[in-house]
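What follows is calculated from the coordinates using simple rules that are stated; it is not laboratory data. All values reported here derive from a predicted model rather than from experimental measurement. Cβ: placed from backbone, ideal geometry, glycine included. Neighbour counts: every protein chain shown.
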Amino acid sequence: MSRRFTIPVVTALCLSFIATHAPDAAAQKKVGEAAALFLFITNSARVNGMGGCALNVVNEQSPLYNPGALGLFHLDKVFSVSFPNSTDWLPQIDSDLKLKSFEISGGVSARRITSADTDYDIGIGLAYSSLKMDYGVINIADVSGNTVGTTHDIDKADYYSAGIGIEYFARLGVGVTKKKIHSNLAAFDSNENLIFANAEADAYDFGLIVDLPMANLVQRALRPDRTLPPDYEVTFTPSFAYVYANGGDSIAYIDAANASPLPRMRKIGVGGYGALAYQGATIFSLQMCWQRDRWEIGEPYKIYRQGGEWGLMDAVFFRFGSYADVAGQVSYNTFGVGLSLHGVMEWLLLTRPEIDNGILRYLATHVDFTVDYAKYGGIDTPLDETAFANLTFSF
């Protein structure tokens, strides 16, 4: 493969769809001024199936999108890993582009340590994550089409996250992520000489999330006698989330005097989760979320996302979502599916009590392994053929 690049072109390639979404020239200029645009991309099958709404989702990959959710996740879990996954990014443009991510976290809660049955709990979590855009091996050509060099261009960020979760009727999670950004790109300077630019920068994310469990209020409203039928339980939990992403230094490739800002964003999310359970096993669940991303570079530019997730028996999940830019000129839909081992085993033990034993009961209540898939749809852009798949494990 032969290409002739400048630094801005290389960086913009991984997020070319942003430029196609920008409703006016000012928005396009703003996007072009930023560097490390790969930080904008979400490489989670579950989140992408829900239109990219990540702030209010508490799961194994939360440190990549909202470090505030890390502490809440480890109120219930001790360890998690999102297996290294590779997404063919914009395959209609370039078959060599690979978007890769990985996450591993550990944590503990006071309730788990003391085994005390209390109304309050506090948990902490630590995580390492990575996000990388691999451009593959590239033959660099000059204006005459002659190969003048070969490079393997990569953008990468290492995430180091810490979060704390507090539960006392409501649940509050706060967290921070330190990002180490590494960029290794090739370019032509003003004299048409091929150069290799290595750049590094530090950035940080701050996030918080608030969950408000309202199960008691819902149950009181369901029946005149203010009780549910035996063995049934209804839960409803609205949530609010906020993230400030990619704050910190600018990044300079060739000339420090012309450093480019990072893609700073302020995000807010509103969500809600509801479920109906029988004997502790979830029959049906629904999670809805709405998110607004506001770019902080140049003229403010807003992106709106909304999505949902239908769950059946906590085992099978169907996801849907949509994306729209601030002018409403570009929008697309998303869809996804998921399968959870936790839900499968939970309902297997409930419907087949004869196979219940200590080992299976422990696995059903402590271990989860999920498989998720998502894809974009209804758009006429290079994103059409981009699909996402994830494997995650936690206990």
inquiry  = Please list, in order along segment 235-244, the HN-Hα scalar couplings obtained from phi with the Karplus expression 6.51 cos²θ - 1.76 cosθ + 1.60 (θ = phi - 60°), rounded to whole Hz, x for Gly and Pro.
reply    = 10, 8, 9, x, 8, 10, 9, 9, 9, 10
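Using a cut-off of 14 Å between beta-carbons, work out the net charge of the residues near Phe284 (Lys and Arg +1, Asp and Glu -1, Phe284 not included). Mind showing how you got there, number by number?
Working: positive: none; negative: Glu233, Glu309, Asp314, Glu346.
Around Phe284, the surrounding residues sum to -4.
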query = Using the Cα gyration tensor of segment 37-171, with a ≥ b ≥ c the square roots of its eigenvalues, what is the shape: rounded (a/c below 1.5), prolate (a/b larger than b/c) or oblate (neither)?
reply = prolate
inquiry  = With θ taken as phi - 60° and the coefficients 6.51, -1.76 and 1.60, list the Karplus ³J(HN,Hα) couplings across segment 301-318 in order, rounded to whole Hz; mark glycine and proline as x.
reply    = 9, 10, 10, 10, 10, 8, x, x, 9, 8, x, 10, 6, 6, 10, 10, 10, 10
inquiry  = Set the bar at 25 Å for Cα to Cα. Now go through Lys180/Lys375; Lys100/Lys375; Lys179/Lys267; Lys178/Lys375; Lys77/Lys98; Lys77/Lys156 and name every pair that lies beyond it.
reply    = Lys180/Lys375; Lys178/Lys375; Lys77/Lys98; Lys77/Lys156
